[in-house]
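Engineer: Input: one structure, supplied below.
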Amino acid sequence: MQRPKPGEYAPYYETYIQHVPPRLSAKSLLNSTMRESRSLFGSIPEAQGSWRYAPGKWSVKEMLVHLIDTERVFAYRILSFMRGDRIALPGFHQELWMEQSNADARTIKDLLKEWKAVRDNTLFLLAQITEEQSRFVGTASNWQVTPRAMFFIIIGHHLHHVKVFREQYLPGVSPASSLPKE
């Protein structure tokens, strides 16, 4: 699958697309980022899963829920658009969703298991999409977007939040020297 071009996604998503390394396939990136993130988040002691780096910021577990929720929503958009559905899909309010997530009552291990299931679903969608379907256009959050753009946005969103996690969360939850580096 070819990488998306500007115009296949809202300008807002350029920030995420820029995080995606060049010349690697969506499949290899989806697999490698999941492995790395499972290692990274799995190394956080459960007792530190509710830690926040500042008041009003998400906890470690809430960060995981956000990654899961976002990938799940974007994967649904991919499925809808690759099947030719032209119904405009709404956005979602991440802060409102987080209020109802009950993330801190869950374990990091359980959240990683759920994220792996969601990622496996994303990989199944990737395996079945044709090049033609990847260029179909749908509307999400009032912007036109292609399924191939959504795959790369999932990857870039993931990489963006892992970067934030490494910079903001690791110093408070665990000695960074004991965790894998990018």
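Engineer: Return only the number of the condition from (1) basic (Lys, Arg); (2) loosely packed, with under 14 Cβ neighbours inside 10 Å; (3) within 15 Å of the chain's Cα centre (by Cα) that ARG83 does not satisfy.
Structural biologist: Against the list (1) basic (Lys, Arg); (2) loosely packed, with under 14 Cβ neighbours inside 10 Å; (3) within 15 Å of the chain's Cα centre (by Cα), ARG83 comes up short only on (3).
Engineer: Is it the case that segment 66-79 has a residue that's in contact with a Gly (Cβ under 8 Å, 6 or more places away or on another chain), over 17 Å from GLN48 (Cβ atoms) and in a helix (DSSP H, G or I)?
Structural biologist: There is at least one residue in segment 66-79 that is in contact with a Gly (Cβ under 8 Å, 6 or more places away or on another chain), over 17 Å from GLN48 (Cβ atoms) and in a helix (DSSP H, G or I).
Engineer: In segment 95-135, which residue that is within 16 Å of the chain's Cα centre (by Cα) and charged (D, E, K, R) is surrounded by the fewest Cβ atoms within 10 Å (Cβ to Cβ)?
Structural biologist: If we take residues in segment 95-135 being within 16 Å of the chain's Cα centre (by Cα) and charged (D, E, K, R), then GLU95 is surrounded by the fewest Cβ atoms within 10 Å (Cβ to Cβ).
Engineer: Could you grab me the full set of residues in segment 123-134 that are outside any helix (DSSP H, G or I) and among the aliphatic types (A, V, I, L, M)?
Structural biologist: ILE129
Engineer: Name the residue that is surrounded by the fewest Cβ atoms within 10 Å (Cβ to Cβ), counting only residues in segment 7-17 that are over 17 Å from the mean Cα position of the chain (by Cα) and either under 16 Å from SER134 (Cβ atoms) or of a type in the set (A, V, I, L, M, F, W, C) (or both).
Structural biologist: Across segment 7-17, the extreme among qualifying residues is GLY7.
Engineer: Going through LEU24, LEU64 one at a time, which residue ends up being modelled with pLDDT of 95 or more and not hydroxyl-bearing (Ser, Thr, Tyr)?
Structural biologist: After applying the criteria, what remains is LEU64.
Engineer: Right, next: Restricting to segment 36-56, give me the number of residues that are loosely packed, with under 12 Cβ neighbours inside 10 Å and either without any contact (Cβ under 8 Å) to a residue 40 or more places away in the chain or in a loop (DSSP other than H, G, I, E, B) (or both).
Structural biologist: Summing the residues that are loosely packed, with under 12 Cβ neighbours inside 10 Å and either without any contact (Cβ under 8 Å) to a residue 40 or more places away in the chain or in a loop (DSSP other than H, G, I, E, B) (or both) in segment 36-56 gives 5.
Engineer: Let me ask something additional. Checking THR33 against (1) outside any loop (DSSP other than H, G, I, E, B); (2) more than 16 Å from the chain's Cα centre (by Cα); (3) surrounded by 13 or more Cβ atoms within 10 Å (Cβ to Cβ), only one condition comes out false. Which one?
Structural biologist: (2)
Engineer: Also, I was wondering about something else. Within segment 80-97, which residues are of a type outside the set (D, E, K, R) and part of a helix (DSSP H, G or I)?
Structural biologist: Scanning segment 80-97 gives SER80, PHE81, MET82, GLN94, LEU96, TRP97.
Engineer: Restricting the search to segment 98-122, which residues are part of a helix (DSSP H, G or I), within 13 Å of ASP69 (Cβ to Cβ) and at pLDDT below 95?
Structural biologist: MET98, GLU99
Engineer: Another question, if that's okay. Which condition breaks for ALA176 when tested against (1) aliphatic (A, V, I, L, M); (2) surrounded by 12 or more Cβ atoms within 10 Å (Cβ to Cβ); (3) more than 19 Å from the chain's Cα centre (by Cα); (4) modelled with pLDDT of 95 or more?
Structural biologist: Going through the list (1) aliphatic (A, V, I, L, M); (2) surrounded by 12 or more Cβ atoms within 10 Å (Cβ to Cβ); (3) more than 19 Å from the chain's Cα centre (by Cα); (4) modelled with pLDDT of 95 or more, ALA176 breaks only (4).
Engineer: Pairs under 6 Å by beta carbon, first residue closer than 17 Å to ALA47 by Cα in segment 163-182, partner in a helix (DSSP H, G or I) and modelled with pLDDT under 70, six or more apart or different chains?
Structural biologist: These pairs meet every condition: LEU170/ALA176.
Engineer: Six or more apart or on different chains, Cβ atoms under 9 Å: show the pairs whose first residue is in segment 1-25 and without any contact (Cβ under 8 Å) to a residue 60 or more places away in the chain and closer than 11 Å to PHE151 by Cβ and whose second is surrounded by fewer than 10 Cβ atoms within 10 Å (Cβ to Cβ) and of a type in the set (A, V, I, L, M).
Structural biologist: Once the first residue is without any contact (Cβ under 8 Å) to a residue 60 or more places away in the chain and closer than 11 Å to PHE151 by Cβ and sits in segment 1-25, no partner that is surrounded by fewer than 10 Cβ atoms within 10 Å (Cβ to Cβ) and of a type in the set (A, V, I, L, M) comes close enough.
The values are calculated or read from the model by the stated rules, or taken from the named source; none is laboratory data. Values in this document were obtained by computation on a predicted structure and should not be read as measured data. FYI the Cβ positions are ideal-geometry reconstructions off the backbone, even for glycines, and counts take in every protein chain you see.
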